[in-house]
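The values are calculated or read from the model by the stated rules, or taken from the named source; none is laboratory data. The structure presented is a predicted model; accordingly, all values stated were derived computationally and were not measured. Neighbour counts are summed over all protein chains in view; Cβ atoms, including those assigned to glycine, are modelled from backbone coordinates with ideal geometry.
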Amino acid sequence: MSIVETKTEDGGGEAFMVNLLPGRSAYSLVGPALLSLPVFAVIVTLTFIFMGMYDGPGTPKWIVDAGALSAVGLVLWCGVIGVLNVWLRLRQSRELAAGYTTSVGEKRTVPLVHPSTGEILCAAGEPSLTWREYRAAIARINEAAADE
């Protein structure tokens, strides 16, 4: 890992940055997983509704088709989340191997950095940031970058 020291434009402070690995950060992969939870809830609900409406061979075809479609949707959702989870875990392990992390709650033996700039938010060995502190630090850095 290479840490770069930079001066702020007003010369008032220093920022320490890490050279990030190319590609998406582990932090950027958490959002799609969380956003898919409402989709999961809808698919499961529909699956159980249509399964509950099934009443043997005399059941209308649309109920059977809708139940089968929602069950297929559930299987596909599980596959997509499984792939996303593997991708997230691989990315987290690569970041840790590179000497940093973009994920809150990860091992504190490495610094926590901003997912796109690489600015160090929390040094190695310091207590981990809470989600609120992490989001505030990300917003602060994003605002500073937008002002430039």
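The residue that is surrounded by the most Cβ atoms within 10 Å (Cβ to Cβ), counting only those in region 1-49 that are modelled with pLDDT of 75 or more and assigned to a loop (DSSP other than H, G, I, E, B), is 25. Kindly provide the set of residues from region 62-92 that are more than 19 Å from residue 44 (Cβ to Cβ) and of a type in the set (S, T, N, Q), ordered by number. Matches in region 62-92: 92 only. If you go through region 101-145 and keep only what is among the charged types (D, E, K, R) and either under 18 Å from residue 88 (Cβ atoms) or part of a helix (DSSP H, G or I) (or both), you end up with 106, 107, 132, 133, 135, 140, 143. Within the set 101, 47, the sole residue that is under 20 Å from residue 142 (Cα atoms) and either in contact with a strand residue (DSSP E or B) (Cβ under 8 Å, 6 or more places away or on another chain) or outside the structural domain of residue 144 (by TED's automatic domain parsing) (or both) turns out to be 101. If the condition is being surrounded by 10 or more Cβ atoms within 10 Å (Cβ to Cβ) and small (Gly, Ala, Ser), then region 127-148 contributes 128, 136, 137, 139, 144, 145. The lone criterion from (1) free of Cβ contacts under 8 Å to residues at least 24 places away in the same chain; (2) closer than 19 Å to residue 29 by Cα; (3) hydrophobic (A, V, I, L, M, F, W, C) left unmet by residue 122 is number (2). Restrict the check to region 75-83 and report whether at least one residue is in a helix (DSSP H, G or I), within 30 Å of residue 38 (Cα to Cα) and touching a helix residue (DSSP H, G or I) at 6+ places or on another chain (Cβ under 6 Å). Yes, region 75-83 contains a residue that is in a helix (DSSP H, G or I), within 30 Å of residue 38 (Cα to Cα) and touching a helix residue (DSSP H, G or I) at 6+ places or on another chain (Cβ under 6 Å). Among the residues of region 100-113, those that are surrounded by 15 or more Cβ atoms within 10 Å (Cβ to Cβ) and out of contact with any Pro (no Cβ under 8 Å at 6 or more places or on another chain) comprise 103, 104, 106, 110, 111, 112, 113. Looking across 133, 126, 143, 119, one residue alone is among the acidic types (Asp, Glu) and touching a helix residue (DSSP H, G or I) at 6+ places or on another chain (Cβ under 8 Å). It is 119. Quickly run through region 84-109 and pick out the residues that are farther than 20 Å from residue 33 by Cβ and touching a residue at least 40 places away in the same chain (Cβ under 8 Å). Answer for region 84-109, where residues must be farther than 20 Å from residue 33 by Cβ and touching a residue at least 40 places away in the same chain (Cβ under 8 Å): 98, 99, 100.
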